[in-house]
Structures are given as structure tokens and as C-alpha cells.
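As C-alpha cells, the structure follows; a few thoughts come after it.
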Amino acid sequence: MFNPVYLDHNATTPVSPDVLEAMLPFFAQQHGNASSRHEYGRAARRAIDEARQRVASAVGAHPTEVIFTSGGSEANNLFIKGTAAMLPAGTVAISAIEHPCVREPAKALRRHGWRLREIEVDGECRLASADFHAALAEQPALISIMLANNETGAIQDIAALAAQAAATRAWFHTDAVQALGKVSVDFRSLNAAGVHAMTLSAHKLGGPKGAGALIIDKRVDLAPLIDGGGHERGLRSGTENVPAIVGFGMACETAANCLKEAPLQLRQLRGSLERGLVAQGATIFAAHAERLPNTVYFSLPGIDGETLVARLDRAGFAVASGAACSAANPEPSHVLLAMGIAPETARGAVRVSLGRQNTADDVAGFLRALAATVSQLQSLTALHHTVGG
Amino acid sequence: MLKLPIYLDYSATTPVDPRVADRMIPWLVEKFGNPASRSHAFGWEAEKAVEEAREQVAALVNADPKEIIWTSGATESNNLAIKGAANFYAGTKGKHIVTVATEHKAVLDTVKELERQGFEATYIEPQPNGLITVDQFKAALRKDTVVASVMAVNNEIGVIQPIAELGEIARANGTIFHVDAAQATGKMPLDLAKLKVDLMSFSAHKTYGPKGIGALYVRRKPRIRLEAQMHGGGHERGMRSGTLPTHQIVGMGEAFRIAREEMATENERIRMLRDRLLKGVQDIEETYVNGDLDHRVPHNLNVSFNFVEGESLLMAIKDIAVSSGSACTSASLEPSYVLRALGRSDELAHSSIRFTLGRFTTEEEIDFTIKLLHDKLGKLRELSPLWEMYKDGIDLNTVQWAAH
């Protein structure tokens, strides 16, 4: 049986067995609506309360700071539009490498008189200090900078950035979707440094799709994005997705427990992967930045990324050529362009993102498949050149 | 043996049908790809499943799959429909919205939010039977009415609004017509090829699908446009960004497929049980059915029991899981705004119980419920001084209560 190796964990992850087990009872037997007052409803409410506790304690937040949403995109939209709705129009400052679900709502604010300021990154995908200070001088009212980038895996020192931004009195948000479960994320210390809100998603860390959260300091005035019924303290209406929320809670707890040994394992796997890639002549993006332990983003000279990932898929290895959400878009990655990478090089980009289930065999197999694929592609190109003269 | 409490709250939410759950689980575990991943088979098979489910949802309401946009549920669908259309067309059509006082909070709160943003709104008060008339609707529409939103089936009293007629009127007026059909799918036929409805909201978890997934029908001919409420990776043709939850979408598709195939026979069975319950309840003195009985889905019975206090009644019948008022607002002790809009007194609104039956309701459960109601109402009324006065022939409306 053809059993492809999944190496695209930054796009999404399988639900882990303990998470599935926790979720199952809430589909059929305990199917109540958490707003109902009878036993079915109260059981659902208790399950949500427990999940809220689990999510909160995994990221060092208080349960009342957790607003459940349908996922990371909604949480990012909720922060940006929800805070902007309560403020006079001003400047929203975001990094140039944000996920579209931060960038697009920030752009959408322009229709309401807001100004969008994108902050540059350096060639290693780190926020450019000089431009960050220049942006702060423009007195932004909202700042959103992702904790870890989905493509390169580069990690920003959010606590330090927030501390530097404190004087602006802006609401400071970080999209921690890719960081959660891969590195330790502590809202309490981030909050102390001046971070007011943080976005989480379940399906990137072994939880189900369809659940996420905005962790938010209660001093922040927030307008809801979705009205009706007043769920989640009036900040997010709609019947709670009980099984997904329960799964989210369990996934956070499991990930927090695994965080002691898992990153080390991943780092070792990634180390051997990167050595193999470099030996094949690959350029590794953001190689000198602090990065998520599972992510490698690379390109090989003269090889198109789209073509390469399609071939690798046929060879049984699932990797990404760009961020999953914008994979329909043939433009080179905006992240790499922001890093000053030439478009020709950016078009070659391939992302490998490892998960807890991946083994040394997976990595070795991938490197072999890559070498074989690349030599095929190179001989095709050579042939083409010969025939074409 | 009966499993207690008996679930008679199918309009709050339904259990996931076992056939639906079976279809969902593989998409959590082995086929877990992100449908937006274009570079590998994990993504493609997830995308294929999402598109199959879109066809299944479209088929139940006779729409084109391209007219179905996934959302996190009917609340989001209602928000997206009303805010999205009102904002998109306000500049060309105007800033007036028409809706009904008995709509779900997801519609009412959305319209209220638009009022805060400078829109004007008219809330049609229904007739005492819960229905609005074509004339009322006509009178409410203005030249600048950009959106009209009327639910197909009311969540508390189950009455069916005359959507087909209202659609004709809205279309003639150039008004975008939105219908919240969260409570209608699987309970009544919906044919969007015939109905002049521009936008229709759906929920999976009221029709034996999972929570956390819904859809919005957005008509293509004539083409209706919306301002997106959630921006990002451009999923759902830019109308709703965010990673698609494959397992939930597959579940909604399967639930709607089952609804399409089984609703005719299922609804007759449920109607029989509901009528049995109705007959059993009508044997009790001083009970009032809320809402029209003819224009009503077969699952719903909403009854006010005079001379008992609502809270004590709920406590007394806790062997059955029912709701007083809608689930979404039943955490508050306010009398149901829907029943108040029908002209019911606070007392009758307070003592109302909504029974909603479903796929797994049995005759035995209905008979148990009838007996329980007879027993408990008898006991509660024995303790009630009001009941005693009523029995003594005193007209309570003429009593002058002394202030203490």
C-alpha cells in the first residue's frame, strides 16, 4: 500500500488519538447545546469550561482571557477589526511577513480611514529594528507581529518588541498559531512585557480544524465580529463547537506536556535534514534566525518549487511550496520577497515541516527522493536546452 | 428502559447521526489534510471531500454547489449575509433594513449593530399566531430597503413564514432577501430554484450534523455580492477566509444527504408523535399552544401552562430535557421575547415549554412525557393559590393586589 510521508505539519496536523478520544462522546451521547439549562446542556458547558482551563493553562493565561473562535483566521480578524472598531481611525502596524489573515483585515481597515504600516524584516526574516522604531515613531494604535512565521519558522522576540512599543500605548497582538505546541508560549510573561492579545489555533498542534482562540487582556476594548446570542461574554456569538473545543483543550494539554522532549527530537531530525539539503546544494532561508524546531524552508538552484513538490508528492512525500492558504496563488512568497530574496530564488521555495510522528527514516527517505527528483529534473532541463539549442 | 432525561430539545441542537459521525472520523485521523494544500494528495483528497459535501448541501435546497459558502454556523451565516449585503449595497440601494421581531438573536443583534452604524431598521410585529402577512411585509418595505431578513421557521414556536410570497415582493422592490433557514432544513422542502431568496443561512447541528459548521447560500443568478466579514487567505472565493474544517464539512454534507432522502417519511413519523403529545397536553386544563398549528414544522410544540410558575415547572419535569424560551437566551430569566411579541402575557410566556421532537424520539418517550406533565402540573397547581382562586371562579384580571 502506498503510504505517503506527511511533512507539511505547518499546514495542518492529524488529530492525535487522545484528542480524538476526548472529542468522540460530544458528537452523539453528550450532544447538548452549552446554552441549554438541562443536563445535556450543562454537561456541554462543563466540557467547555474544562477545555478553556486547559487552553489557558497551556499558554499561561487566565480562563477568562480565552475567547473561543472558529480558528486562527477568525481570531486574527476579531482582534484587528474588533479593536479598531473601538478606536478612532489611526495607524495599524504589522510586520511584512504576516499571514494573510492578519494582513487582509489590516488592509480592510483602510476603508474606515486607517493607515497600514508594514514593518520590514531583514534577510533572515527577523523584524528590522530600525524600521520597527521608525514605525513606532508614527504612533500606531494597533500593532500585530507574528510570534513564528508559518513559512520560514523564524521566531520574533515578541516580549522585547512589545516592551519597546509600550510607550506608544498601542494594543499589541501576536499571532502565535505556528508557535503553539512547537515552542513554549507564555501569555503571562508576554502580557507583562506589553502584549495584549494572542491568536491560537487547534489544528496546527494535533487538535481538530474548526477551533481557535483569541487570548486577550481584559483591559482591551473589543467589539465582536459575530453578533447574536451573546456567547463568549458577548465577544463571539454562535453555538459553541463543543467537540472541537474539547479537542483543542486536550491538544494544548498534550502539546504542553510534550514540549519538554519533542523540540529536541525535532531539532535533531531537522539537523540531519538540513545537512542533507546543504549537501545537495540547497539554500536554507532564515538559517541564522531563531526558528521553530520543525521547519525548513529551502530552494535548490534552477529548480521550480511547484514542479518539485508535485514530483515529491508522486514519490510519496507531502511538502509545501508556499503557505497552504495562499498555495492557489502563483506569485512567489511574500515572506521571501520581504526578506529581499530574488523572485527567481523564491519561486524555488519548498517548505518541509516535521511533526511528532516523523522519524529519521522519513527524513532519510525524503532526502533520497529529493536527490532522485532533482537529478531527473536537471536532466530534463539539460535535454530541453540541447533540443532547444 | 427509558434513558433519562428524555431529550426533547432537538431545536436547540441534535445529536450527530451515527452515520454522520462514521463519515467524519477518518477526516480527523488518517485523511487530515488541509483542503487548501495544493501540493500533495492529503490536500487534494480533503478538497474533493469538501466539494462533495458542497454538492450534498446544495442538493437539499436545489441550489448550485457554487452558491454554497461554508461558515462556522448559522450565526456567522446570518452575520455575513446581513452585514455583507447591507454594506455592499448601501451606497446604491439605501440604508433601511426590514426584519421581524421574532427572528433569532443572530439576526436581531446583527441588525441592531447595523443600526448603530447608521442603518435604519423596521421590525415587523407578527400576528398573534406568530406569522407575518404579505401586507405587513409590503408595508414595511421602502424604496431604500437594502435587505429584508425573515426566518423560514421560528426556533421557539416552529411556525413557517410565507417565504415564497415574501420573496416575490422583495424581488419586485429590488431588496436583497435573506432567509435564516437554520430550523427549516430537513423539516420542510426548500427549493431555491423556485424561491426568490437571495441569501439563505444553514446550520448543520440542527439537522443531525456537527456543531461548528454552517453555510450561506449566495445566489448567482441574479448575482448577489457581499462584503467579506472575515479576511485572509481568500478561501470560499474570498467571501469567507479560514481553514476549512474538513470533518465538519463532510458531516454537514452527509447530514443533509440523509435529510434529503429521509425527510418525507421521518417527518410523518415525527408529526404523529407531536400530535400524540399535543393531544396528551390538551387534556390538561388551561394550556395554550403558542403559534399557528397549521403553518408549523412537525417537530415543534410550544405550550404555556397557566397558573404554574415557569421555573418550578422546569425543575419539576427535569426528567425531560426541554427548554423554556430558546436555548440561546434561556440562561436569562426574561420571558421569551418571541412569546411576548405574540401578545402573550408575562405569566403565560414564563410558563411556556418548548418541546422539540426528532429522529430518535420514541412513542414510549412521548407517553412518559405526557404522564409526567399530568402528574407534576397537578401537584404544582395544588400548591398554587392562583389556581385555587381560578377554580373558585375568581377572575384574576379583576383582582386588586395590595402592595406590601
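The values are calculated or read from the model by the stated rules, or taken from the named source; none is laboratory data. This one's a predicted model, so the numbers in the text were calculated from it and none came from an experiment. Glycine gets a Cβ as well: all are built from the backbone with ideal geometry, and neighbour counts include every protein chain shown.
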(message) Here's a check for you: in segment B:214-247, which residue that is among the hydrophobic types (A, V, I, L, M, F, W, C) and either touching a strand residue (DSSP E or B) at 6+ places or on another chain (Cβ under 7 Å) or not in a loop (DSSP other than H, G, I, E, B) (or both) is surrounded by the most Cβ atoms within 10 Å (Cβ to Cβ)?
(response) B:A215
(message) I need the full set of residues from segment B:1-60 which are of a type in the set (F, W, Y) and part of a loop (DSSP other than H, G, I, E, B), in order please.
(response) B:Y10, B:F32
(message) Quick test of your reading of the structure: B:G73 fulfils all but one of (1) closer than 20 Å to B:V153 by Cα; (2) surrounded by fewer than 24 Cβ atoms within 10 Å (Cβ to Cβ); (3) within 14 Å of chain A (Cβ to nearest Cβ); (4) of a type in the set (G, A, S). Name the failing condition by number.
(response) (2)
(request) Can you run down the residue pairs with Cβ atoms below 6 Å, 6 or more apart or on separate chains, where the first is in segment A:101-117 and in the same structural domain as A:S70 (by TED's automatic domain parsing) and buried (at least 17 other Cβ atoms within 10 Å of the Cβ) and the partner is small (G, A, S) and part of a helix (DSSP H, G or I)? (result) A:C101/A:S73; A:L109/A:A84; A:R117/A:A135
(request) Only residues that are of a type in the set (G, A, S), in a loop (DSSP other than H, G, I, E, B) and either in contact with a strand residue (DSSP E or B) (Cβ under 9 Å, 6 or more places away or on another chain) or surrounded by 24 or more Cβ atoms within 10 Å (Cβ to Cβ) (or both): list them for segment A:67-97, please. (result) A:S70, A:G71, A:A89, A:G90, A:A96
(request) Select from segment A:163-196 the residues that are under 15 Å from the mean Cα position of the chain (by Cα) and of a type outside the set (D, E) and list them in ascending order. (result) A:H173, A:T174, A:A176, A:V177, A:Q178, A:A179, A:L180, A:G181, A:K182, A:V183, A:S184, A:V185
(request) Can you work out which of the residues in segment A:1-31 that are within 7 Å of chain B (Cβ to nearest Cβ) and among the small types (G, A, S) is farthest from A:L200 (Cα to Cα)? (result) A:A28
(message) So for segment A:32-54 (the condition being over 30 Å from B:T356 (Cβ atoms) and either buried (at least 24 other Cβ atoms within 10 Å of the Cβ) or facing chain B (nearest Cβ under 10 Å) (or both)), does at least one residue qualify?
(response) no
(message) So, B:A59, is that one facing chain A (nearest Cβ under 9 Å) and within 22 Å of B:E261 (Cα to Cα) or not?
(response) no
(request) Go through the residues of segment B:76-92 one by one and say whether even a single one is over 15 Å from B:L114 (Cα atoms) and among the aliphatic types (A, V, I, L, M). (result) no
(request) Output the number of the condition that A:L266 fails; it satisfies all remaining conditions of (1) away from chain B (no Cβ under 14 Å); (2) buried (at least 24 other Cβ atoms within 10 Å of the Cβ); (3) of a type in the set (A, V, I, L, M, F, W, C). (result) (2)
(request) Of the conditions (1) modelled with pLDDT of 95 or more; (2) surrounded by fewer than 24 Cβ atoms within 10 Å (Cβ to Cβ), B:F256 clears all except one; give me its number. (result) (2)
(request) Check A:T199, A:T168, A:T254 and return the single one that is touching a strand residue (DSSP E or B) at 6+ places or on another chain (Cβ under 7 Å) and of a type in the set (V, I, T). (result) A:T199
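Residue by residue, here is whether (1) surrounded by fewer than 22 Cβ atoms within 10 Å (Cβ to Cβ); (2) touching a residue at least 40 places away in the same chain (Cβ under 8 Å); (3) within 17 Å of A:G229 (Cβ to Cβ) holds:
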| position | (1), (2), (3) |
| --- | --- |
| B:E45 | yes, no, no |
| B:E52 | yes, yes, no |
| B:A59 | yes, yes, no |
| B:L80 | no, yes, yes |
| B:A85 | no, yes, no |
| B:T99 | no, yes, yes |
| B:K105 | yes, yes, yes |
| B:R116 | yes, no, no |
(request) Go through segment B:166-213 residue by residue and tally those that are more than 14 Å from every other protein chain (Cβ to nearest Cβ), buried (at least 24 other Cβ atoms within 10 Å of the Cβ) and touching a residue at least 40 places away in the same chain (Cβ under 8 Å). (result) 10
(request) Using the structure shown, decide if A:A360 is of a type in the set (G, A, S), in contact (Cβ under 8 Å) with a residue 40 or more places away in the chain, in the same structural domain as A:L277 (by TED's automatic domain parsing) and over 16 Å from A:E274 (Cα atoms). (result) no
(message) I'm checking my understanding of the structure. Among residues of segment B:33-54 that are closer than 18 Å to B:G209 by Cβ and of a type outside the set (A, V, I, L, M), which one is nearest to the other protein chains (Cβ to nearest Cβ)?
(response) B:P35
